[in-house]
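The values are calculated or read from the model by the stated rules, or taken from the named source; none is laboratory data. Only a predicted model underlies this, so the values are computations on that prediction, with no experimental measurement involved. Positions of Cβ are generated from backbone atoms using ideal geometry, with glycine treated the same way; all protein chains shown enter the neighbour counts. Areas reflect the complete protein model, heavy atoms only, side chains present, ligands, DNA and RNA absent. Shrake-Rupley method; radii C 1.70, N 1.55, O 1.52, S 1.80 Å.
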Amino acid sequence: MALRALFVDFNSYFSSVEQQELPHLRGRPVAVAPVLTDSTCCIAASYEAKRFGVKTGTNVGEARKRCPGLVVVEARPSLYVEYHHKLIAMVDSCLPVTAIRSIDEMCCNLRGRWCERETALGLAHEIKARIATTMPFMRSSIGIAPNPFLAKTASDMQKPDGLVVIDEHDLPECLFRLELRDFCGIGASREARLHECGIRTVQQLCLAPKETLHRAWNGIEGDRMYALLRGEEVERAPSERCTVGHSHVLEPKCRTKPLAEAVLHRLLQKAAARLRTLGYLAAGLSVSVKFLGQQRWGEEMNFLETQDTLEFIRIFGLLWQRYPASAPPPLQVGVTFFHLTAVNNVTRPLPSMESSRLALDQAMDRLNQAYGRNTVYFGGAQPEVAAGAAPIAFTNIPAKEIERKTFPARACSH
Ligand SMILES: [Mg+2]
């Protein structure tokens with residue numbers, strides 16, 4: 001069985017970013033907290049602090065007691081997001097990033113020659129070397145295995161600065177020293193359920209028949225776990241819907257690059273609202289343009305799953321920079337969200353910045369539902385609306401009178 005996945009996990013991510021940014025924090029015990037008060041909890045701790053028993057979730061007051069000299073710094077979410085994008089680009093320059101699993105985790109599929117042990121290890125060393133050159137305080141653990149699930153498990157087995165390969169012939173024994181909860185997908189309630197089914201150790205989990213796991217997971221998720229533990233490649237549980245998107249044929253007067261961009265902005269905002277109504281997050285966006293004549297252009301990007309319009313607009317901006325310089329007039333444009341996950345299947349906590357953005361998105365959705373779809377929107381769609389083209393695309397033409405009287409400031413800029 002080939003090695004088909006390489007997983008990169010950054011160690012003590014938030015505190016490492018702080019140490020990378022602020023030289024005086026290097027080598028010192030650092031904890032990151034959402035606000036600077038002793039009553040809150042640490043959201044990250046550097047390895048120097050972890051040695052004193054400070055970890056994510058430790059109360060700040062308690063952390064100060066355990067670790068004299070602890071430096072507590074206030075979280076800077078936008079800085080962590082900025083590093084997230086830089087690190088993805090850096091890994092991607094060595095090996096294409098297939099999926100972004102969280103702000104500090106990404107997975108790359110290995111194909112062809114990359115599946116060979118030595119080549120895969122070489123790639124892992126290259127990723128580490130490239131990061132070490134530009135951001136020496138960002139340390140990573142890399143796991144290589146027959147599937148992404150085991151690669152993630154491998155990345156957790158050695159920290160910090162780990163590099164672990166799980167070969168097929170090491171399975172399942174190499175997993176026996178782990179705890180049930182070390183596996184992605186086994187939380188407190190699943191663990192309790194496994195106990196009920198007579199499974200208390202990873203060895204028991206690995207040796208249990210498929211029917212037992214089916215019972216423990218109340219269905220096919222148990223069959224998936226059975227296959228994953230054996231190194232098989234298993235598709236992610238498919239969401240009922242695979243994509244959400246919109247496309248639009250441009251009117252003759254809109255067949256220019258700036259107006260095509262404005263139409264795409266509107267389609268993007270419309271699709272994002274639909275994504276939220278359907279209860280999905282997206283981790284991929286593609287933009288496509290069909291030109292007069294048969295030529296086409298399209299670009300896509302993977303990112304950390306979200307349903308936030310401003311984040312989609314930012315990603316769209318990156319994709320749009322790749323628009324061909326000397327293209328014929330655009331005829332049809334489209335946006336598509338893919339890699340969808342149902343909101344209630346997402347376990348990661350939402351950073352506070354993201355929740356406030358979501359509140360804005362939801363408020364805009366409500367206004368647009370109540371007063372017509374074009375009542376409020378982000379500014380990128382404005383040129384199209386100004387060109388008088390927008391209402392044509394809507395099945396429900398917004399009542400201009402209501403718009404003007406109720407919301408004199410129609411465009412919401414960012
Ligand atoms: Mg991490």
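Things worth noting here:
- Dividing the mean sequence gap of close Cα pairs (under 8 Å, 6+ apart) by how many residues the chain holds gives a relative contact order of 13 percent.
- Rounded percent of accessible protein surface that carbon and sulfur make up, the chain, 1.4 Å probe: 53 percent
- Among 376, 34, 146 - extreme Cα towards positive end, dipole of the chain, charges at beta-carbon: 376
- For region 164-241, the relative contact order is 26 percent, taking Cα pairs closer than 8 Å that sit 6 or more residues apart in sequence and dividing their mean separation by the residue count.
- About the centre of its Cα atoms, region 172-230 shows a dipole size close to 20 debye [charges on the beta carbon of Lys, Arg (+1) and Asp, Glu (-1) only; nearest 20 debye].
- Rounded accessible area per residue of the chain, 1.4 Å, Å²: 47 Å²
- Cα shape, region 1-160, gyration tensor, a/c 1.5 rule: prolate
- The chain, dipole about Cα centre (Lys/Arg Cβ +1, Asp/Glu Cβ -1), debye to the nearest 20: 900 debye
- Relative packing of peptides 100-107, 242-249, 19-26 - highest average C-beta neighbours within 10 Å first: 100-107, 242-249, 19-26
- The chain: most fluctuating residue of 233, 384, 179 per GNM, C-alpha cutoff 10 Å: 179
- Folded to 0 to 90 degrees: helix 220-229 orientation relative to the chain principal axis, Cα: 60 degrees
- Degrees between helix 77-92 axis and first principal axis of the chain (Cα, 0 to 90, nearest 10): 80 degrees
- Fraction of the pair-distance distribution of the chain above 41 Å, Cα-Cα pairs, percent: 25 percent
- Inter-site label distance for residue 251 and residue 321 at 7 Å from Cα along Cβ, in nm: 3.3 nm
- With K and R counted +1 and D and E -1, the other residues having a Cβ less than 11 Å from that of residue 162 yield a net charge of 0.
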